[in-house]
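Here is the structure we will look at, set down as structure tokens.
The values are calculated or read from the model by the stated rules, or taken from the named source; none is laboratory data. Predicted, not measured: the structure shown is a model, and the values here were computed from it. Glycine gets a Cβ as well: all are built from the backbone with ideal geometry, and neighbour counts include every protein chain shown.
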Ligand code: PMV
């Protein structure tokens with residue numbers, strides 16, 4: 001039988017620790033990300049069925065403080081308390097338990113400490129914005145920070161790569177939330193260094209026009225997600241169009257290479273909007289099927305198309321697995337697009353709410369105190 005831990009994964013299993021820590025606290029802030037080429041469908045052990053590519057965001061983020069204290073005799077179980085925005089959060093526990101059990105082979109100290117995990121988001125909880133990517137990224141970085149204290153010689157590149165690897169075990173797309181500003185995840189034949197295990201910096205030329213890209217998130221439906229992403233990914237097993245879709249993701253990543261190099265916004269729009277609609281088409285054609293767009297999602301899409309035509313601007317939309325719309329546009333068009341959003345799009349948002357975000361440069365350490 002094949003060993004479950006592959007050669008790559010073995011690189012992340014520590015061989016021992018040089019230093020002992022009794023207790024301490026560490027805080028990291030990690031951003032959300034928005035996929036341009038979508039990850040939808042996965043294999044065992046959180047391996048993606050296709051490669052994906054995302055802009056790291058900035059304003060939408062999660063801050064996590066991890067406090068740890070050595071347990072008297074260690075243990076075989078996990079011991080942790082969980083607080084979300086200052087209140088005990090029991091319903092997050094199963095997800096964190098699962099993360100701990102997946103991460104344990106790579107973080108053997110997980111049973112040696114009692115942990116207190118305190119987390120908060122920069123965006124409202126009921127905004128329809130998933131916090132799993134930023135949340136799992138922030139938590140993984142806290143653990144890697146602790147591991148770096150136990151092994152002070154660890155270099156920062158390795159630390160960030162392992163943080164991405166661990167974040168993936170918690171929530172696939174979280175591996176794209178460690179660094180910025182354009183992150184690729186999943187093996188692709190034309191991308192050297194690409195991996196199914198962690199995200200990497202997009203290694204090719206990126207034109208200036210993409211450097212300060214904006215993402216205004218229109219909150220169309222702030223309710224709880226109708227379909228969890230794990231249920232959604234599973235619907236790709238046996239899906240009649242799955243193989244073509246996975247191949248298309250590879251092709252779209254190849255097509256984006258000259259687009260990024262030349263700053264070809266027209267072709268960027270074609271690829272990004274097609275990816276968003278394909279993601280939803282996959283949900284509409286799975287068994288069971290789902291429609292996650294709301295009438296106002298379509299109103300926004302049509303209004304964007306009309307405005308783009310008449311104003312000759314380069315804004316476009318993308319979608320997550322929900323009804324909210326991400327409006328993407330370059331820095332040099334921001335005044336025009338802001339005005340358009342205010343005048344014509346916010347009427348379609350729940351309570352006229354939206355979030356102004358932009359491309360960001362990755363997670364940051366907030367403070368650290370070891371004893
Ligand atoms: O990371 P997950 O398992 O929540 O999946 C995220 C899937 C999408 O957000 C729909 C697409 C993506 O690539 O982020």
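Summed over segment 83-105, the residues that are over 21 Å from the mean Cα position of the chain (by Cα) and surrounded by 18 or more Cβ atoms within 10 Å (Cβ to Cβ) give a count of 0.
This table checks each residue for (1) within 15 Å of the ligand (Cβ to nearest atom); (2) in contact with a strand residue (DSSP E or B) (Cβ under 6 Å, 6 or more places away or on another chain); (3) in a helix (DSSP H, G or I); (4) modelled with pLDDT of 95 or more.
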site	(1), (2), (3), (4)
62	yes, yes, no, yes
65	no, yes, no, yes
92	yes, yes, yes, no
101	no, no, yes, yes
105	no, no, no, yes
114	no, yes, no, yes
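Residues checked against (1) surrounded by 15 or more Cβ atoms within 10 Å (Cβ to Cβ); (2) free of Cβ contacts under 8 Å to residues at least 40 places away in the same chain:
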{"site": "200", "(1), (2)": "yes, yes"}
{"site": "203", "(1), (2)": "no, yes"}
{"site": "209", "(1), (2)": "yes, no"}
{"site": "214", "(1), (2)": "yes, no"}
{"site": "217", "(1), (2)": "yes, no"}
{"site": "220", "(1), (2)": "yes, no"}
{"site": "225", "(1), (2)": "yes, no"}
{"site": "231", "(1), (2)": "no, yes"}
{"site": "235", "(1), (2)": "yes, no"}
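Within the span defined as segment 7-20, every residue fails to be in contact with a helix residue (DSSP H, G or I) (Cβ under 7 Å, 6 or more places away or on another chain), in a helix (DSSP H, G or I) and surrounded by fewer than 21 Cβ atoms within 10 Å (Cβ to Cβ). Among what's in segment 282-296 and is within 14 Å of the ligand (Cβ to nearest atom) and touching a residue at least 40 places away in the same chain (Cβ under 8 Å), pick the residue that is nearest to residue 220 (Cα to Cα). Per the stated criteria, the residue is 292. If you go through segment 132-151 and pick out every residue that is in contact (Cβ under 8 Å) with a residue 12 or more places away in the chain and surrounded by fewer than 24 Cβ atoms within 10 Å (Cβ to Cβ), you end up with 7.
If you check 134, 164 for being assigned to a helix (DSSP H, G or I), out of contact with any helix residue (DSSP H, G or I) (no Cβ under 6 Å at 6 or more places or on another chain) and within 16 Å of the ligand (Cβ to nearest atom), only one passes: 134. Across segment 28-53, the number of residues qualifying as over 13 Å from the mean Cα position of the chain (by Cα) and more than 9 Å from the ligand (Cβ to nearest atom) comes to 10.
Looking only at residues in segment 304-353 that are part of a loop (DSSP other than H, G, I, E, B) and more than 16 Å from residue 213 (Cβ to Cβ), the one that is farthest from the ligand (Cβ to nearest atom) is 312.
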